[in-house]
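Everything below concerns the one structure shown next.
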Amino acid sequence: MYIKDGVVYAREPMEELEVESVRYVGDRILIVTFNTGETRLFDATCLLEFPAFAPLADDAVLTDYSIDHGVLTWSDGDIDIAPEYLYERSYEYEFVA
């Protein structure tokens, strides 16, 4: 347990997770690299069940992403997703040449 900015957290403190890079590989799959050095696969299909992410059903919107202060965003920042959510719902990925 720890306290930060007057808020008590039940878990141990950890480094703030940030997205460093993203690459779209098709079929709603993103390869996401985090500031931890880990690269993971994220299937964006899971986002489509939430109305806020409905625009991502269009590949033109899904592939027009940017990273703003470590957060993956779309539509000039109108849509964003927490790095922690991306990490928790992604899978380990190792590129083998």
Å² per residue, accessible surface of the chain at 1.4 Å: 67 Å²
Given chymotrypsin sites (Phe, Trp or Tyr not before Pro), DSSP loops and at most 16 other Cβ atoms within 10 Å, the longest exposed-site-free stretch of the chain is 1-92
Just subtract the alpha-carbon distance of ASP78 and GLU38 from 0.36 nm times their residue separation and send over the number in nm, one decimal. 11.8 nm
Set of segment 27-47 residues, backbone N closer than 13 Å to the point 7 Å along the Cα-Cβ line of TYR85: 44-47
Along the positive direction of the dipole of segment 25-97 (beta-carbon charges: Lys, Arg +1; Asp, Glu -1; about the Cα centre), which of TRP74, ALA57, THR39 reaches farthest? THR39
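The values are calculated or read from the model by the stated rules, or taken from the named source; none is laboratory data. Just so we're clear, the structure is a prediction, and the values are computed from it rather than from any experiment. Quick reminder, even Gly has a Cβ in these numbers, built from the backbone with ideal geometry, and neighbours come from all protein chains shown. What goes into the accessible areas is simple: the full protein's heavy atoms, side chains included, and nothing from ligands, DNA or RNA. Shrake-Rupley method; radii C 1.70, N 1.55, O 1.52, S 1.80 Å.
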